[in-house]
Amino acid sequence: MCSCKGNRRGVSAGACLATEKAAKYMAVGMHGSTFGGNPLATSVGNAVLEELLSPGFLKNVEIRGKYLKNKLEDLASKFPIIEEVRGKGLMLGIKVKADNQKFAEELSHRGLLTVGVTSDNVVRILPPLIITEKEIDEGIEILTQYLSEKSSD
């Protein structure tokens, strides 16, 4: 299986995964990848891995995820346009009773970027793992203002 993901601060890194049975038929040079194993991608990947494994980093991600989800659930209890808050950690989604594409676009015009939408009318919220409580509060304020205006329409 070939895989490539830009999860190293925007620098893509590729990988080829194979079972031992399949790998025995692969020799050096039989498989290439634009982003596989180059010095930049490898160095950036190592730096990101060191940060992820640093003491307290993932605990902080868990804390921020709970904080954000609680804030979103509070909004859901006040604004019926939000049907449900889904997800775990900092991978969250807001299921809305509206056109989710338009919802996300209108938020982006206000400075709140979302990752996109799903076919189940969900607006995806995937902030960076290094997000601060202050940044979460700023995003919630933008969302609150938008929802207040939308509910008065």
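Bear in mind that the values in this text are calculations on the coordinates, not laboratory data. Just so you know, these numbers come straight off a predicted model, no measurement behind them. Cβ coordinates were reconstructed from backbone atoms using ideal geometry, including for glycine residues, and neighbour counts include every protein chain displayed.
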Next on the checklist: Please give the Cα centre distance for the range 91-142 versus the range 14-75, rounded to the nearest Å.
Outcome noted: 23
Checklist entry - Using Cα pairs under 8 angstrom and six or more residues apart, how large is the relative contact order of the chain, in percent? => result 15
Checklist outcome for this item: One would report the Cα pair-distance distribution of the chain, bin width 5 Å, in %, as 2, 8, 14, 16, 14, 12, 10, 9, 6, 4, 2, 1, 0, 0
Checklist entry - GNM on the chain, C-alpha springs below 10 Å: top fluctuator among 68, 40, 52? => result 40
Checklist entry - Given charges of +1 on the Cβ of Lys and Arg and -1 on the Cβ of Asp and Glu, with all other atoms neutral, how large is the dipole of the chain about its Cα centre, in debye to the nearest 20? => result 560
Checklist outcome for this item: GNM on the chain, Cα springs under 10 Å; top mean-square fluctuation among 18, 47, 98 goes to 18
